[in-house]
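Here is the structure we will look at, set down as structure tokens.
Since every read-out is calculated from the coordinates, none of them should be taken as a lab result. What you see is a predicted model, and the numbers here were worked out from it, not measured in a lab. For neighbour counting, all protein chains shown are included, and Cβ atoms are generated from backbone atoms with ideal geometry for every residue, glycine included.
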Amino acid sequence: MEEYRNQNEPWDPSIYGTGRTQPPKNHGGLIAVLLVVVIFLGGLVSVLGILNVKLFKELNHQPKENPASLYVVEGGEVPLLETAPEEIPVETAETAATPALELRPSPDSVPNVAQEGGMSLQQIYADNIVSVVSISCTFPGGSATGTGVILSEEGYIVTNCHVVDNALSISIELTDGRGFAATLIGADAVSDLAVLHIEAEDLCAATFGDSGSLQVGDSVAAIGDPLGTSLRGTFTDGIVSAINRDVTIGGRTMTLIQTNAALNTGNSGGPLLNCYGQVVGINTMKIGNFVDSAGVEGIGFAIPSSTVKVIVDQLIEQGYVSGRPTLGIKGESVSIFYQRYYMMPSGIFITELDPASDAARKGIQTDDILSAINGIRITSMDDLNTVLYGCQVGETVEVVIYRSGRQYLVDLTLSESKG
């Protein structure tokens, strides 16, 4: 306390280094003046803006000068007319008549002939719609729809394999409204074709033509159920955009007909028709189904009828296509949950095993996990089929099998798939 009293006052002029020796000046007055100036300038700008707007309005409302007074000749200005010309009446919102849409008589519908010597589009549709059927399938995880074509009066129907693959039940609806349960006769994933059969009478079989006669630019049409049965029997037309187009999907290469006829989900399995009303292809896909191509239109594909004949004849006769290799196993992918929780490798969890296969003879069992074939990692049945598409019946492959925490290498001989 005593030490505090002996300290010098901060304003003592005898002490050096204490800073300012005069109290700080008060700048409040200067700040107030600046604020007044700013307010004055702001008001001035506002007043000038208002005056400018009023002046602009007055100028716009002034009557325009007569254009005749602007022309000058040698003697001076051209005199104004003594009598003003008759004014042309201008329609206003009050005087103008309310516009109305006028419908004029249209000519009667005429046959639309696709090519010289061919049938009209109307006739093509009328002749073939009775041979097109709607297909509905139920699966463990839901349902799906597609289209089919009647092959014969005996009740055989062709469609895409991917429409009916692994279906629990298949039903067919004819154009006359009759419905039937269908039996799967055979399916071939490589060609994406399948044959069904129904017990029905009075069926109208489609007429098939030779796809080998097609040329780029030929007129074609398609019938199907795009986006489901609510739009069943939709008819679209276009041209052949390309022939013998090799398209690779799921590891297999298919030689297809390319068309710009509109195809969508649900058209699968329906007919592609030439200008003579003959089925020259079975619609199978559009490019957006297997390529990340949002917005792509007018690129669809159909299986040529020449391929359809070879596959369908074998499916009807023997239920499968000769020469397709198989390991004799079926399964499902090991989920990420099981991989992490049970410390399992990725691969195919085997659920079915053909007892006549070499895999069964070599001791492979259900609940085993197939994780690789010929050094290629396998995580799904699609991966397995992709490898098998490049193999031949009788060829030996090396597979990696996981069981109870151990891995085994097994050499297996491929057998012929019976469907």
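What the table below lists for this structure:
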{"quantity": "Unit charges on C-beta of K, R, D, E only; dipole of the range 271-395, Debye", "calculated": "100 debye"}
{"quantity": "Fully extended contour minus Cα-Cα distance, from GLU297 to GLU398, at 0.36 nm per residue", "calculated": "32.1 nm"}
{"quantity": "Efficiency of FRET between ARG377 and SER120 - r from beta-carbon atoms, R0 60 angstrom, step 0.05", "calculated": "0.65"}
{"quantity": "5 angstrom amide H check on ASN283, placed H, neighbours 5+ away", "calculated": "GLY269, GLY270, LEU272, ILE303"}
{"quantity": "Separation in nanometres of the label points that stand 7 Å from Cα toward Cβ, at LEU168 and THR138", "calculated": "0.6 nm"}
{"quantity": "Net lengthening on full extension, ARG340/ILE239 (0.36 nm per residue, minus Cα-Cα)", "calculated": "31.2 nm"}
{"quantity": "Computed E for ARG252/ALA100 - FRET, C-beta separation, R0 45 angstrom, nearest 0.05", "calculated": "0.15"}
{"quantity": "³J(HN,Hα) computed for each position of the range 249-254 - Karplus, 6.51 cos²θ - 1.76 cosθ + 1.60, integer Hz, glycine/proline x", "calculated": "8, x, x, 10, 9, 10"}
{"quantity": "Backbone N within the range 378-396 under 11 Å of label point (7 Å from THR413 Cα along the Cβ vector)", "calculated": "394-396"}
{"quantity": "Amide H contacts of ALA372 (H built 1.01 Å from N, under 5 Å, at least 5 apart or other chain)", "calculated": "ILE378, VAL400"}
{"quantity": "Estimated FRET transfer efficiency when R0 is 25 angstrom, pair ASP202-ALA181 (beta carbons, to 0.05)", "calculated": "0.90"}
{"quantity": "Inter-probe distance in nm under a simple model that places probes 7 Å from Cα toward Cβ, at SER230 and LEU34", "calculated": "7.0 nm"}
